[in-house]
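Peer 1: Quick one: the structure is below, and I'll ask about it shortly.
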Amino acid sequence: MPDPVQPLHKGLLREDITNALRAAIISGGLLPGVLYSAPSLAERFGVSATPVREAMLDLVREGLVVTVRNKGYRVTEIGDEQLDEITELRLLVEPPLVARATPKVPAADFPKLRSMADAIVRGAERGDLIDYTESDRMFHLRLLEYAGNRRATTLISELRAHTRLYGLNAITADGQLVESAAEHHAILDAMEQRDKRLVTRLMKRHIAQTRGRWAGHAPGEIPGHAPADGRGGE
(Lines give C-alpha, C1' and ligand atoms only; values in the text may rest on other atoms or scores of the structure.)
Protein backbone atom coordinates (compact mmCIF):
# COMPACT_ATOMS: atom_id res chain seq x y z
CA MET A 1 0.00 0.00 0.00
CA PRO A 2 1.43 3.45 -0.86
CA ASP A 3 2.46 5.75 1.95
CA PRO A 4 -0.58 7.93 2.78
CA VAL A 5 1.77 10.66 4.04
CA GLN A 6 2.73 12.64 0.95
CA PRO A 7 5.27 15.50 0.64
CA LEU A 8 3.95 18.96 1.46
CA HIS A 9 4.44 22.20 -0.39
CA LYS A 10 7.60 24.07 0.50
CA GLY A 11 7.45 27.12 2.75
CA LEU A 12 4.48 25.99 4.81
CA LEU A 13 3.86 27.55 8.17
CA ARG A 14 4.03 25.63 11.45
CA GLU A 15 0.21 25.66 11.59
CA ASP A 16 0.01 24.01 8.16
CA ILE A 17 2.36 21.22 9.24
CA THR A 18 0.44 20.79 12.50
CA ASN A 19 -2.80 20.45 10.53
CA ALA A 20 -1.22 17.95 8.14
CA LEU A 21 0.16 15.84 11.01
CA ARG A 22 -3.19 15.97 12.82
CA ALA A 23 -4.96 14.85 9.64
CA ALA A 24 -2.43 12.03 9.23
CA ILE A 25 -3.25 10.81 12.74
CA ILE A 26 -7.01 11.03 12.21
CA SER A 27 -6.91 9.29 8.82
CA GLY A 28 -4.66 6.49 10.08
CA GLY A 29 -1.57 7.59 8.18
CA LEU A 30 0.24 7.70 11.53
CA LEU A 31 -0.67 4.80 13.80
CA PRO A 32 -0.80 4.32 17.58
CA GLY A 33 1.99 2.20 19.03
CA VAL A 34 4.51 3.23 16.36
CA LEU A 35 7.45 5.40 17.39
CA TYR A 36 7.95 8.37 15.06
CA SER A 37 10.97 10.66 15.05
CA ALA A 38 10.90 14.25 13.80
CA PRO A 39 13.58 13.58 11.14
CA SER A 40 11.73 10.55 9.76
CA LEU A 41 8.44 12.44 9.61
CA ALA A 42 10.17 15.42 8.04
CA GLU A 43 11.55 13.16 5.33
CA ARG A 44 8.11 11.70 4.61
CA PHE A 45 6.52 15.15 4.44
CA GLY A 46 9.41 16.64 2.50
CA VAL A 47 10.13 19.41 5.02
CA SER A 48 12.84 20.12 7.60
CA ALA A 49 12.79 18.54 11.05
CA THR A 50 12.49 21.81 13.03
CA PRO A 51 8.88 22.71 12.05
CA VAL A 52 7.89 19.07 12.54
CA ARG A 53 9.23 19.16 16.11
CA GLU A 54 7.34 22.41 16.73
CA ALA A 55 4.16 20.95 15.25
CA MET A 56 4.48 17.82 17.36
CA LEU A 57 4.63 19.98 20.49
CA ASP A 58 1.26 21.43 19.46
CA LEU A 59 -0.13 17.91 19.10
CA VAL A 60 1.30 16.92 22.50
CA ARG A 61 -0.68 19.78 24.04
CA GLU A 62 -3.79 18.55 22.22
CA GLY A 63 -3.25 15.07 23.66
CA LEU A 64 -2.86 13.46 20.22
CA VAL A 65 0.74 12.31 20.76
CA VAL A 66 3.06 11.74 23.69
CA THR A 67 6.78 12.45 23.81
CA VAL A 68 9.11 9.48 24.23
CA ARG A 69 12.27 10.97 25.70
CA ASN A 70 15.30 10.91 23.39
CA LYS A 71 13.38 8.82 20.86
CA GLY A 72 10.46 10.68 19.34
CA TYR A 73 6.69 10.65 19.54
CA ARG A 74 3.95 8.06 19.84
CA VAL A 75 0.34 8.57 18.74
CA THR A 76 -2.18 8.34 21.59
CA GLU A 77 -4.36 5.22 21.61
CA ILE A 78 -8.12 5.73 21.19
CA GLY A 79 -10.37 2.73 21.82
CA ASP A 80 -13.73 1.79 20.33
CA GLU A 81 -15.62 2.94 23.41
CA GLN A 82 -13.99 6.37 23.24
CA LEU A 83 -14.73 6.66 19.53
CA ASP A 84 -18.37 5.78 20.19
CA GLU A 85 -18.53 8.49 22.86
CA ILE A 86 -16.98 11.06 20.50
CA THR A 87 -19.50 10.25 17.78
CA GLU A 88 -22.40 10.39 20.23
CA LEU A 89 -21.32 13.84 21.41
CA ARG A 90 -20.94 15.07 17.84
CA LEU A 91 -24.44 13.81 17.02
CA LEU A 92 -25.83 15.69 20.00
CA VAL A 93 -24.06 18.97 19.25
CA GLU A 94 -23.39 19.42 15.53
CA PRO A 95 -26.76 18.77 13.80
CA PRO A 96 -28.78 21.25 15.90
CA LEU A 97 -26.06 23.89 15.69
CA VAL A 98 -25.71 23.61 11.92
CA ALA A 99 -29.50 23.70 11.65
CA ARG A 100 -29.47 26.88 13.75
CA ALA A 101 -26.79 28.32 11.47
CA THR A 102 -28.78 27.54 8.32
CA PRO A 103 -30.77 30.81 8.11
CA LYS A 104 -27.71 32.82 9.14
CA VAL A 105 -25.43 31.93 6.22
CA PRO A 106 -25.31 34.90 3.82
CA ALA A 107 -26.18 33.96 0.24
CA ALA A 108 -22.88 35.50 -0.85
CA ASP A 109 -20.97 32.92 1.24
CA PHE A 110 -22.28 29.83 -0.54
CA PRO A 111 -19.80 29.96 -3.47
CA LYS A 112 -16.91 29.84 -0.98
CA LEU A 113 -18.57 27.00 0.93
CA ARG A 114 -19.08 25.16 -2.36
CA SER A 115 -15.38 25.59 -3.10
CA MET A 116 -14.54 24.07 0.30
CA ALA A 117 -16.86 21.14 -0.41
CA ASP A 118 -15.20 20.71 -3.81
CA ALA A 119 -11.82 20.42 -2.07
CA ILE A 120 -13.17 17.52 0.00
CA VAL A 121 -14.38 15.76 -3.15
CA ARG A 122 -11.04 16.29 -4.89
CA GLY A 123 -9.18 14.81 -1.93
CA ALA A 124 -11.47 11.77 -2.04
CA GLU A 125 -11.08 11.35 -5.80
CA ARG A 126 -7.28 11.49 -5.55
CA GLY A 127 -7.24 9.16 -2.55
CA ASP A 128 -5.33 11.84 -0.64
CA LEU A 129 -6.56 10.96 2.84
CA ILE A 130 -4.69 13.74 4.62
CA ASP A 131 -6.01 16.42 2.26
CA TYR A 132 -9.50 14.91 2.48
CA THR A 133 -9.44 14.85 6.29
CA GLU A 134 -8.14 18.40 6.66
CA SER A 135 -10.55 19.81 4.06
CA ASP A 136 -13.41 18.02 5.82
CA ARG A 137 -12.36 19.47 9.18
CA MET A 138 -12.20 23.02 7.84
CA PHE A 139 -15.61 22.71 6.16
CA HIS A 140 -17.46 21.43 9.22
CA LEU A 141 -15.90 23.95 11.58
CA ARG A 142 -16.77 26.76 9.15
CA LEU A 143 -20.43 25.71 9.19
CA LEU A 144 -20.42 25.71 12.99
CA GLU A 145 -19.00 29.22 13.11
CA TYR A 146 -22.23 30.59 11.64
CA ALA A 147 -24.10 29.36 14.72
CA GLY A 148 -22.08 31.82 16.83
CA ASN A 149 -21.21 29.42 19.64
CA ARG A 150 -17.42 29.52 19.91
CA ARG A 151 -17.24 27.10 22.82
CA ALA A 152 -19.18 24.50 20.87
CA THR A 153 -16.99 25.01 17.81
CA THR A 154 -13.88 24.52 19.93
CA LEU A 155 -15.38 21.40 21.51
CA ILE A 156 -16.20 19.86 18.12
CA SER A 157 -12.72 20.72 16.85
CA GLU A 158 -11.22 18.84 19.80
CA LEU A 159 -13.56 15.87 19.36
CA ARG A 160 -12.75 15.63 15.66
CA ALA A 161 -9.02 15.71 16.45
CA HIS A 162 -9.40 12.64 18.66
CA THR A 163 -11.43 10.71 16.09
CA ARG A 164 -9.69 7.88 14.23
CA LEU A 165 -10.90 6.93 10.74
CA TYR A 166 -9.07 3.66 10.24
CA GLY A 167 -11.48 2.50 7.53
CA LEU A 168 -10.65 5.28 5.08
CA ASN A 169 -8.25 3.19 3.00
CA ALA A 170 -10.89 0.49 2.50
CA ILE A 171 -13.69 2.82 1.46
CA THR A 172 -11.34 4.77 -0.80
CA ALA A 173 -10.61 1.59 -2.72
CA ASP A 174 -14.29 0.80 -3.39
CA GLY A 175 -15.38 4.38 -4.14
CA GLN A 176 -17.37 4.99 -0.95
CA LEU A 177 -15.15 7.89 0.08
CA VAL A 178 -16.16 9.89 -3.00
CA GLU A 179 -19.80 9.14 -2.19
CA SER A 180 -19.26 10.36 1.37
CA ALA A 181 -17.51 13.50 0.11
CA ALA A 182 -20.47 14.35 -2.13
CA GLU A 183 -22.71 14.50 0.95
CA HIS A 184 -21.17 17.86 1.83
CA HIS A 185 -22.82 19.34 -1.25
CA ALA A 186 -26.16 17.80 -0.25
CA ILE A 187 -25.83 19.51 3.15
CA LEU A 188 -25.13 22.82 1.42
CA ASP A 189 -28.14 22.31 -0.86
CA ALA A 190 -30.36 21.94 2.20
CA MET A 191 -28.79 24.97 3.87
CA GLU A 192 -29.25 27.07 0.75
CA GLN A 193 -32.92 26.03 0.72
CA ARG A 194 -33.05 27.09 4.41
CA ASP A 195 -34.46 23.66 5.28
CA LYS A 196 -33.40 23.19 8.90
CA ARG A 197 -35.08 19.80 9.31
CA LEU A 198 -33.36 18.39 6.24
CA VAL A 199 -30.02 19.83 7.38
CA THR A 200 -30.46 18.09 10.74
CA ARG A 201 -31.25 14.76 9.08
CA LEU A 202 -28.33 14.96 6.64
CA MET A 203 -25.89 15.98 9.34
CA LYS A 204 -26.91 13.10 11.60
CA ARG A 205 -26.49 10.57 8.81
CA HIS A 206 -23.17 12.05 7.75
CA ILE A 207 -21.63 12.10 11.23
CA ALA A 208 -22.80 8.56 11.95
CA GLN A 209 -20.45 7.32 9.24
CA THR A 210 -17.54 8.08 11.55
CA ARG A 211 -18.41 4.93 13.47
CA GLY A 212 -20.36 3.25 10.70
CA ARG A 213 -18.99 3.02 7.20
CA TRP A 214 -15.50 4.25 8.13
CA ALA A 215 -15.14 1.73 10.97
CA GLY A 216 -16.21 -1.25 8.89
CA HIS A 217 -19.84 -1.37 10.08
CA ALA A 218 -22.96 -0.82 8.00
CA PRO A 219 -23.29 2.78 6.70
CA GLY A 220 -24.70 5.02 9.40
CA GLU A 221 -24.41 2.34 12.09
CA ILE A 222 -22.87 3.10 15.45
CA PRO A 223 -22.12 0.00 17.54
CA GLY A 224 -24.63 -0.21 20.38
CA HIS A 225 -26.89 2.47 18.90
CA ALA A 226 -29.81 2.60 16.50
CA PRO A 227 -28.94 3.91 13.00
CA ALA A 228 -28.67 7.69 13.03
CA ASP A 229 -31.03 8.47 10.17
CA GLY A 230 -32.22 11.70 11.71
CA ARG A 231 -35.87 10.65 12.08
CA GLY A 232 -37.60 11.78 15.23
CA GLY A 233 -36.30 13.84 18.13
CA GLU A 234 -36.58 17.12 16.24
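Peer 1: Every residue in segment 9-29 that is assigned to a loop (DSSP other than H, G, I, E, B) and closer than 15 Å to Asp128 by Cβ, please. Step through it out loud before you land on a result.
Peer 2: Let us first name the residues in segment 9-29 that are assigned to a loop (DSSP other than H, G, I, E, B), namely 9-13, 28-29.
Correct list: His9, Gly28, Gly29.
Peer 1: Continuing with the same structure: Can you name every residue in segment 187-197 that is open to solvent by less than 40 Å² (accessible area, probe 1.4 Å) and over 17 Å from the mean Cα position of the chain (by Cα)?
Peer 2: Keep residues of segment 187-197 that are open to solvent by less than 40 Å² (accessible area, probe 1.4 Å), which gives 187-188, 190-191.
Once the filter is applied, which keeps residues that are open to solvent by less than 40 Å² (accessible area, probe 1.4 Å) and over 17 Å from the mean Cα position of the chain (by Cα), segment 187-197 yields Leu188, Ala190, Met191.
Peer 1: Considering (1) in contact with a Gly (Cβ under 7 Å, 6 or more places away or on another chain); (2) open to solvent by 30 Å² or more (accessible area, probe 1.4 Å); (3) modelled with pLDDT under 55, say which one Ile222 fails and leave the rest.
Peer 2: Evaluating Ile222 over (1) in contact with a Gly (Cβ under 7 Å, 6 or more places away or on another chain); (2) open to solvent by 30 Å² or more (accessible area, probe 1.4 Å); (3) modelled with pLDDT under 55 leaves (2) as the failure.
Peer 1: Kindly check whether there is at least one residue in segment 34-42 that is farther than 16 Å from Asn19 by Cα, at pLDDT below 90 and surrounded by fewer than 14 Cβ atoms within 10 Å (Cβ to Cβ). Don't jump to the end; show me each part of the working.
Peer 2: Going through segment 34-42, the residues farther than 16 Å from Asn19 by Cα turn out to be 34-37, 39-40.
Still in the running and at pLDDT below 90: 34.
The next check asks that each one be surrounded by fewer than 14 Cβ atoms within 10 Å (Cβ to Cβ); those that pass are 34.
Yes, segment 34-42 contains a residue that is farther than 16 Å from Asn19 by Cα, at pLDDT below 90 and surrounded by fewer than 14 Cβ atoms within 10 Å (Cβ to Cβ).
Peer 1: Thr76 - would you say it is of a type outside the set (A, V, I, L, M, F, W, C) and in contact with a Lys or Arg (Cβ under 7 Å, 6 or more places away or on another chain)? Can you show your working first?
Peer 2: On the way: of a type outside the set (A, V, I, L, M, F, W, C): yes; in contact with a Lys or Arg (Cβ under 7 Å, 6 or more places away or on another chain): no.
Taking the combined requirement at face value, the residue does not satisfy it.
Peer 1: Going by the structure shown, is Glu54 open to solvent by 30 Å² or more (accessible area, probe 1.4 Å) and at pLDDT 90 or above?
Peer 2: Working: open to solvent by 30 Å² or more (accessible area, probe 1.4 Å): yes; at pLDDT 90 or above: yes.
Criteria met by Glu54.
Peer 1: Picking from Ala124, Ala101, Ala147, which residue would you name as being at pLDDT 90 or above, within 17 Å of the chain's Cα centre (by Cα), small (Gly, Ala, Ser) and open to solvent by less than 20 Å² (accessible area, probe 1.4 Å)?
Peer 2: Numbers: Ala101 fails: within 17 Å of the chain's Cα centre (by Cα); Ala147 fails: within 17 Å of the chain's Cα centre (by Cα).
The unique qualifying residue is Ala124.
Peer 1: Moving to a separate point now. Restricting to segment 154-167, and then to whatever is more than 11 Å from the chain's Cα centre (by Cα) and touching a residue at least 40 places away in the same chain (Cβ under 8 Å), can you tell me which residue is least open to solvent (accessible area, probe 1.4 Å)?
Peer 2: Our first condition is that a residue be more than 11 Å from the chain's Cα centre (by Cα); within segment 154-167, this holds for 154-155, 166-167.
Add one more test, that the residue is touching a residue at least 40 places away in the same chain (Cβ under 8 Å), and what stays is 155, 166-167.
Numbers: Leu155: 69, Tyr166: 102, Gly167: 13 Å².
Applying the filter and picking the extreme gives Gly167.
Peer 1: If you check Gln209 against the conditions, is it surrounded by fewer than 18 Cβ atoms within 10 Å (Cβ to Cβ) and without any contact (Cβ under 8 Å) to a residue 40 or more places away in the chain? Quick ask: steps written out before the conclusion?
Peer 2: Details: surrounded by fewer than 18 Cβ atoms within 10 Å (Cβ to Cβ): no; without any contact (Cβ under 8 Å) to a residue 40 or more places away in the chain: yes.
When the stated conditions are applied, Gln209 does not pass them.
Peer 1: Okay, moving on. Within segment 57-80, restricting attention to residues that are basic (Lys, Arg) and in contact (Cβ under 8 Å) with a residue 24 or more places away in the chain, which residue is surrounded by the fewest Cβ atoms within 10 Å (Cβ to Cβ)?
Peer 2: Of segment 57-80, the ones basic (Lys, Arg) are 61, 69, 71, 74.
So of that shortlist, the ones also in contact (Cβ under 8 Å) with a residue 24 or more places away in the chain come out as 71, 74.
Values: Lys71: 10, Arg74: 17.
Among those that are basic (Lys, Arg) and in contact (Cβ under 8 Å) with a residue 24 or more places away in the chain, it is Lys71.
The values are calculated or read from the model by the stated rules, or taken from the named source; none is laboratory data. Nothing here was measured: the structure is a model prediction, and the numbers come from that model. Cβ: placed from backbone, ideal geometry, glycine included. Neighbour counts: every protein chain shown. With ligands, DNA and RNA removed, areas are computed over all heavy atoms of the protein, side chains included. Shrake-Rupley method; radii C 1.70, N 1.55, O 1.52, S 1.80 Å.
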